[in-house]
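Bear in mind that the values in this text are calculations on the coordinates, not laboratory data. All figures in this text were calculated on a predicted structure; none of them were measured in a lab. For neighbour counting, all protein chains shown are included, and Cβ atoms are generated from backbone atoms with ideal geometry for every residue, glycine included.
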Amino acid sequence: MRRGFFARLAAGNIKKNGNTYFPYILTCTSTVMLYYIVKSLSLNPGLEEMTGDRTLISLMEMGAGIISLFSLIFLFYTNSFLLKRRKKEFGVFHILGLGKRHLAGTLAWESLYVFLISMACGLLFGIALDKIMFLAIAKLVRAEVSLGFFISGEAVWSTVRLFAVIFLLIFLNAVRQIQVATPVGLLRDSQAGEREPKTKWPAALLGFLCVGTGYYLAITTKNPISSIYIFFIAVALVVVGTYLLFTAGSIAFLKLLRSNKAYYYKTGHFISVSGMIYRMKQNAVGLANICILSTMVLVMISATSSLMIGISDVVNSRYPYDFVVYSREDTEERSQALYNRVREFQQEQGLSVTGGVQYSYLVFSAMKEGDSFRVSREGTFLDADKIVNLYVITLDEYNGAASTNASLSDGEIILYDSQGDYDASSLKLFDREYQVKAVLEDFPGKSLMAANIASSYFLVVPDQQEMDEIYAKQKEALTDIASEPDSFYAFDTDADQEEQRAFAEALLNLLQNGDLKGIPDSRVDADAVYLKLYGGFFFLGLFLGVLFLIAAVLIIYYKQISEGFEDRERFAIMRKVGLSRREVRSAIRSQVLTVFFLPLLTAGIHVAAAFPLMSRLLELLYLSNTRLYMACTAVSFLVFAVFYVIVYLLTARTYYRIVSR
């Protein structure tokens, strides 16, 4: 054959199959662009200089890893649509005299063309948008922007290396399929899936069981600690259940529709239901993928936007006071000396203090079982939901902090429950039963003390002797992981943000260079920390959301294109026997509406079921504003639904044009 024949043949093939190749190239380009941007940001030294730490860089590194893994899976999956559409063409080439070696050569040139186009366009757009994304992050975290244009050679090389490997693997997989296929098999493979699938009731029931169990875990899990472990279990169950329901359950559902004579024996329903039954085996996986990707988009966008919008709520609930100093001294006397020095420093700096709270406490973990609290080193995964934190405070400390004059008899305690659901009249701890004299609705400094993710109980005991006995018993039970008494001093000020920031820096220098050991913290510094953390989550969530959205749209597009070519001959026959164009359009509408919106509906149900569990997970990041998360979820779903409808209208039109030819 003439030199360059296969290169020209590959170029012609791409041009002739533009309606399938162009979306694939566009997707590859977008994936390359997104990966380069995130990878470049993770290597941009200006990001660390802008924020002062590696928080955002770490998030970008994590995002680059996620995108690289998803790109491998997603491009393999979308290429399978492309390859299936081309197999009949390859079979014709084979019959006309091109051997499998020649077909492999043609595929190699096609893969090379797509790779070069994707890399050139993806890197070009990625480099162009990289600075814009950098400015967007700076805007999110309210940081100063450094001048200059950064191009990362390492990011370029990492992108080329990653996608070269992905395209090589895709090419080898395509060659493998061609090598093991016969010419007749290649001709028929594109029409595979025409036999009516069997109803697999056990698989359908297993799908319902998996999804139901995942929903149950998501709805019933109350403890934020347990939600970490439960989340992955629930996600795995729902994903498996979704695939089973779409592959087995959808066939069972369609056959139930067919058995309903009043519904089935109508022109539109008859054509759509019968066609979908025969094709559902191969379409179900695509529908399940659309559903899973839609759920991921909705969960990520709603969660990260809630965190970003709710930063002020998080900071205010986590830091009820403007400043706090935690003592790291070994004795109570030196801790008091530390706090006195901080008070002197307030006057030296001219800081106006409007209120404060100070007390000593003992905190340790326990497992709550009814009204009993068991303290032990031993525990299993099943105990995670029972873990709580016990804060023990003497009556004198409490009265001083709360400005009250409460009294307690021996064996009595005052209790505060961070969850607000403790209703027993007594409490058992170690070998003693305490009578609960009062259950408080509030507790001074509770947000500072109970900033951890477990439920917290504050126990006010009568005197220091009782405190010492509890300390000795938890020391015996927990041995080397036992806690020591601790203390803190928190205070408010009416100074503005700049004055607070200056005082926070001066206080840090004082404690770092002085003889007294303490750790300072401030609301103004915390606001900057959470802004960087949640801004990074929001940025990464948007990026991954866009990537998953592109994946969902491409799967929808290829699904409609594939079905259009498969249905064209069937609808042509029906028009020859008297089916009007109006009836064809009605049948198409019935077919698409029956299945097309099923992934969106299922994704909405998944998100609603996951809402309680996601709320618990957001509590780990100190966001307890459920109404805000609910509003963000509702808005995200509505916006996504509108976008989904637009995609439906466009792809349905493409489908109709194909079957109407």
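Summary of computed values
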{"read-out": "Order of Val460, Val141, Val239 under a 10 Å beta carbon neighbour criterion, fewest first", "value": "Val239, Val141, Val460"}
{"read-out": "For segment 287-293, 3J(HN,Hα) per residue [Karplus equation, 6.51 cos²θ - 1.76 cosθ + 1.60, θ = phi - 60°, Hz, x = Gly/Pro]", "value": "5, 5, 4, 4, 4, 5, 5"}
{"read-out": "From phi via Karplus (6.51, -1.76, 1.60), per-residue ³J(HN,Hα) for segment 358-363 in Hz, x at Gly/Pro", "value": "8, 6, 9, 7, 10, 10"}
{"read-out": "Cut-off under 5 Å, modelled amide H: who pairs with Phe430 long-range", "value": "Phe373, Val375"}
{"read-out": "Residues Asn19 and Ser58, FRET efficiency given R0 of 35 Å [Cβ-Cβ distance, rounded to 0.05]", "value": "0.25"}
{"read-out": "Residues Arg343, Arg101 arranged by fewest to most Cβ contacts within 10 Å", "value": "Arg101, Arg343"}
{"read-out": "Entries of Lys200/Lys222; Lys428/Lys517; Lys84/Lys261; Lys131/Lys532; Lys437/Lys473; Lys139/Lys222 with Cα pairs more than 28 Å apart", "value": "Lys200/Lys222; Lys428/Lys517; Lys84/Lys261; Lys139/Lys222"}
{"read-out": "Karplus (6.51, -1.76, 1.60) ³J(HN,Hα), θ = phi - 60°, over segment 301-315, in Hz, Gly and Pro reported as x", "value": "5, 5, 5, 5, 5, 4, 4, 5, 6, x, 4, 4, 5, 4, 5"}
{"read-out": "Sites Asp515 and Ser425, calculated FRET efficiency, Cβ-Cβ separation with R0 41 Å, nearest 0.05", "value": "0.30"}
{"read-out": "Extension reserve of the Tyr229-Arg501 stretch, reckoned as 0.36 nm per residue once the Cα distance is removed", "value": "94.1 nm"}
{"read-out": "Segment 353-493: relative contact order as a whole-number percent, Cα under 8 Å and 6+ apart", "value": "39"}
{"read-out": "Leu650 versus Asp494: modelled label distance in nm, points set 7 Å from Cα along the beta carbon direction", "value": "5.8"}
{"read-out": "Taking Cys28, Cys121 and counting other C-beta atoms within 10 Å, the order from fewest to most", "value": "Cys121, Cys28"}
{"read-out": "Rg/Rh for segment 353-493, where both radii come from Cα atoms and Rh is the Kirkwood radius", "value": "0.95"}
{"read-out": "Under 13 Å from the Glu469 label point (7 Å along Cα→beta-carbon), backbone N, segment 425-444", "value": "429-435"}
{"read-out": "For Tyr391, distant residues with modelled amide H under 5 Å away", "value": "Tyr457, Phe458, Leu459"}
